[in-house]
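Q: This is the structure I want to talk about, given as structure tokens.
The values are calculated or read from the model by the stated rules, or taken from the named source; none is laboratory data. Bear in mind that the values here come from a model prediction, so they are computed numbers and not experimental data. With ideal geometry, Cβ positions are generated from the backbone for all residues, glycine too; neighbour counts draw on all protein chains shown. Only protein heavy atoms, including side chains, enter the accessible area calculation; ligands, DNA and RNA are left aside. Shrake-Rupley method; radii C 1.70, N 1.55, O 1.52, S 1.80 Å.
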Amino acid sequence: MPLDVVVVMDPIGSIKIAKDTTFALLLEAQRRGHRLHYVRPGGLSLRDGRAVAQAAPLAVKDDKTGWFTLGEMAELAFGPGQAVLMRKDPPFDDQFLYDTHILSIAQGAGALVVNDPQGLRDFNEKLAALLFPQCCPPTLVSRDPAALKAFVAEHGEAVLKPLDGMGGRSIFRAHAGDSNLNVILETLVGRGNLTLAQRFIPDIKEGDKRILLVDGVPVDYVLARIPQGDEFRGNLAAGGRGEGRPISDRDRWIAEQVAPEMKRRGMLFVGLDVIGDYLTEVNVTSPTCARELDAQFGLNIAGLLFDAIESRMQG
């Protein structure tokens, strides 16, 4: 039976469709005959205790000269028969948090929300990796500049980053004795911000690998995001080059450590970031890289996700 697929995302008019995983999900939903609804940015609200959205019927096509058509905006009440794709990019700020509360009420009214809003609240993408310490490099999360500085000294070289960044923003690489380390820590810690320090992994030169989990099952290929030139960050948003590879035995082992908990918590679509042999992040808000892997290997990752969505809604 056709579903109502309701998408909460950043403005659709500004996406790059060749790389946008949310767009791949919309194309697949439409191909399956589901009805698409686009939520106006900032359009979630509560009316008399019911979760509602300002939404418009949506049609999409894989054409960079004009990839979407919207109907008239109207109030849409959440309820049974709806799959809600929560695909708004970080940062996870107060407004994002409030939206997850509204989506929990939508979930209580019978809508399937992907990913589960409680999980979105619980799993900070930097901290969630540390739930699986057997997979991670030495890591310290602290507000104490002295402790962070001592960590860098202990390991010789470390990566320092805030807990709310994305796309490689505000990530620093620091050496023991670095004359800029105090300034880096002042910038990150500020007036008491938690900061993550992780032992530098030299294997970053081979790429920051993205493993996609669909309903607890890893896709058979990963996208290695390889730093370019004098850049140490592999993020595509920071200029990294994406290169697809078959998933390795170690990558699959990491996925097997993480997947059961993600599936148990209703996180149907998750991106794991792996450098060398180590898990560094667990991305749950709006994982990407599906379109790149689809194009390189003839996959249909959005199809795998909609198989899982339809199975849950029919079950």
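Q: For labels at ARG191 and GLU157 in the simple 7 Å Cα→Cβ model, what's the distance in nm?
A: Roughly 3.6 nm, to one decimal.
Q: Moving on. With label points built 7 Å along Cα→Cβ from the Cα atoms of ALA109 and ILE15, find their separation and express it in nm.
A: The answer from the label model is 2.3 nm.
Q: Another one. Between the helical axis of 21-31 and the dominant principal axis of the chain, each derived from Cα atoms, what acute angle in degrees is found, rounded to the nearest 10?
A: 20 degrees
Q: Applying 1/(1 + (r/R0)^6) with R0 = 25 Å to the Cβ-Cβ distance of ARG312 and ARG121, what FRET efficiency is obtained, to the nearest 0.05? Display every interim value, and only then the final one.
A: Working: r = 20 Å, r/R0 = 0.81.
After rounding to 0.05, the efficiency reads 0.80.
Q: Largest first, what is the accessible-area ranking of TRP253, TRP67 with a 1.4 Å probe?
A: Values: TRP253 85, TRP67 45 Å².
Of TRP253, TRP67, the descending order of accessible area is TRP253, TRP67.
Q: Mind ranking ARG199, ARG87, ARG31, ARG47 by accessible surface for me, highest first, 1.4 Å probe?
A: Working: ARG199 75, ARG87 15, ARG31 160, ARG47 135 Å².
Solvent-accessible surface, decreasing: ARG31, ARG47, ARG199, ARG87.
Q: Quick query: amide H of PHE123 versus all other amide H atoms, modeled in the peptide plane; which residues come in under 5 Å with a sequence gap of 5 or more or a different chain?
A: Residues meeting the criterion, in which the H sits 1.01 Å from N, do not exist here.
Q: Further, regarding this structure: At 222 nm, what value in deg cm²/dmol follows for the chain if DSSP H runs of at least 4 each add -39500 (n - 2.57) and the sum is divided by all its residues, to the nearest 500? Display every interim value, and only then the final one.
A: On the way: 8 runs with 90 residues, N = 315.
After summing the helix terms and dividing by the residues of the chain, the value is -8500 deg cm²/dmol.
Q: Now, a different point. How much accessible area does PHE172 have with a 1.4 Å probe, in Å² rounded to the nearest 10?
A: It works out to around 60 Å².
Q: Which of rounded, prolate, oblate describes region 191-310, given a ≥ b ≥ c as roots of the alpha-carbon gyration tensor eigenvalues and a/c under 1.5 marking rounded, otherwise prolate only if a/b is larger than b/c? All intermediate terms of the calculation are to be shown ahead of the outcome.
A: Details: a/c = 1.74, a/b = 1.27, b/c = 1.37.
Oblate.
Q: For region 1-130, calculate the relative contact order in percent as a whole number, restricting contacts to Cα pairs under 8 Å that are 6 or more residues apart.
A: Value for region 1-130: 25 percent.
Q: Using alpha carbons only, how many angstrom separate the centre of region 1-35 from the centre of region 52-107?
A: If we compute the Cα centre of each part, the gap is 10 Å.
Q: For ALA295, put the label point 7 Å out on the Cα→Cβ axis and report which residues of region 53-67 keep their amide N under 18 Å from it.
A: Residues 61-67 qualify, since their backbone N sits under 18 Å from the label point.
Q: Gain in length, HIS175 to ARG252, computed as 0.36 nm per residue apart minus the alpha-carbon separation, to one decimal in nm? List each step's numbers first, then the result.
A: Values: separation 77, 0.36 × 77 = 27.72 nm, distance 3.14 nm.
Residue separation times 0.36 nm, minus the Cα-Cα distance, leaves 24.6 nm.
Q: Once the Cα atoms of helix 249-264 and of the chain are each reduced to a long axis, what angle between those two axes, in degrees from 0 to 90 to the nearest 10, is obtained?
A: 50 degrees
Q: Could you order SER179, SER170 by accessible surface area, starting with the largest, using a probe radius of 1.4 Å? Could the numbers behind the result be given before it?
A: Working: SER179 105, SER170 65 Å².
I get SER179, SER170, largest accessible area first.
Q: Under a point spin-label approximation (7 Å from Cα along Cα-to-Cβ), what is the THR65-ALA147 distance to one decimal in nm?
A: Between THR65 and ALA147, the label points sit 5.8 nm apart.
Q: Oh, and also: Using the alpha-carbon atoms, what tilt in degrees (0 to 90, nearest 10) does helix 301-314 show relative to the longest principal axis of the chain?
A: 50 degrees
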